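J.: A single structure is presented below for examination.
A short reminder: the numbers here are calculations on the coordinates, not readings from a lab. What you see is a predicted model; the values in this text were computed from it and never measured. Cβ atoms come from the backbone with ideal geometry, glycine included; neighbour counts cover every protein chain shown.
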Amino acid sequence: MQRSAVRPSPVFFGILALAVVGGLLAAFSNPETTRDPMLIAGVFILVVAGWAVSLTLHEFGHAFVAYKGGDTSVASKGYLNLDVRHYTDPVLSLVLPLILLAIGGIPLPGGAVWINRWALRSRAVSTWVSLAGPLSNLLFGVLLTLAVAYIPMTVGLAIGLSYLALLQVFAFVLNILPVPGLDGFGAIEPYLSPQTREFAAKVRPWAPLALFALLFAVPTVGGAFQDLSSFVYEAIGGSRDAAYLGQITFMFWRH
């Protein structure tokens, strides 16, 4: 792959810088209370900007694996520039997921990259293209969790990063579900019968919406999903208590 194919955009670096600013505010805040204005501002900015970074990396992961797997058209579409504006409509891809994250605390998939599946070299490559997005969330969550566990930091920064890490695991668990329209289904779709793929194409537009409605409207379903995500998060070394403190600080309007 040519070095020039991947060119991170100033937009990506700007969002990353905003996350750093949020981290600094959280780090130098008063950890004695979750009502400290600097702590609230820091955690909120860190989580929102950090989630925007993860959305970008998620879609970039799809595009990068597709590029390596034969679909070079993703380069001309700007998908390799880590610019969230190229991942479909910025409102539907970034703003809406961030609003729903703030309201419900459940991270929803954001953007999408359009892959020419016919250009990919094999069904296995197509599967890895689909898995690349959620695996990027999982890797990001693991790295954040390890950072909190092994790098000395203040309480404010630790709870912000812990909640952001938990959200990454949430996103991984959600996206890996074998539901048409989600990456988990995309991973197995190349191996399904033509009849099954045809049916999936018909339900793909509304199947994720039905799932999201269940997560928000049915406490048992939403609770089971959060318990599973928390189990995975703790399995990779995360602290549920630290993530909970980060969540209540982030969602300050609920308290």
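J.: Taking the Cβ-Cβ separation of S76 and R123 as r and a Förster radius of 25 Å, what is the calculated FRET efficiency to the nearest 0.05? Please report the intermediate quantities before stating the final value.
T.: Values: r = 25 Å, r/R0 = 0.98.
So, using R0 = 25 Å, E works out to roughly 0.55.
J.: Counting every Cα pair in segment 136-253, what percent are over 24 Å apart? Numbers along the way, then the final one.
T.: Values: 2582 of 6903 pairs.
Of the Cα pairs, 37 percent sit more than 24 Å apart.
J.: Still on this structure, please answer the following. Is any helix in the chain, taking whole DSSP H runs, at least 18 angstrom long along its axis by alpha carbon and on average at least 1.6 on the Kyte-Doolittle scale, and which ones? Provide the component values of the computation, followed by the final result.
T.: Values: long enough: 10-27 (25 Å, 2.35); 37-68 (46 Å, 1.38); 123-150 (39 Å, 1.32); 155-175 (30 Å, 1.95); 219-235 (23 Å, 0.29).
Helices meeting the span and hydropathy rule in the chain are 10-27, 155-175.
J.: When the helices in the chain are scored as -39500 (n - 2.57) per DSSP H run of 4 or longer and the sum is shared across all residues, what 222 nm value do you end up with, to the nearest 500 deg cm²/dmol?
T.: Numbers: 11 runs with 167 residues, N = 255.
Rounded to the nearest 500, it is -21500 deg cm²/dmol.
J.: Right, here's the next one. In nm, give the distance between the simple-model label positions of L139 and L24, each being 7 Å from the Cα along the Cα-to-Cβ direction.
T.: About 2.8 nm separates the two model spin labels.
J.: What ratio of Cα Rg to 2.2 N^0.38 Å holds for the chain? It would help to have the intermediate numbers written out before the result.
T.: Working: Rg = 18.5 Å, N = 255, 2.2 N^0.38 = 18.1 Å.
That ratio works out to 1.02.
J.: Another question, then. Using a Förster distance of 41 Å, how high is the FRET efficiency between M153 and W114, based on the Cβ-Cβ distance and rounded to 0.05? List each step's numbers first, then the result.
T.: Details: r = 39 Å, r/R0 = 0.96.
E(calc), rounded to 0.05, equals 0.55.
J.: Using only alpha carbon pairs under 8 Å that are at least six residues apart, calculate the relative contact order of the chain and give it in whole percent. Write down the numbers at each step before the final one.
T.: Values: 398 pairs, mean separation 54.7, N = 255.
Worked out over the chain, it gives 21 percent.
J.: Using 0.36 nm per residue of separation minus the Cα-Cα distance, give me the extension gain between R35 and R85 in nm, one decimal.
T.: Fully extending the segment from R35 to R85 adds 14.6 nm.
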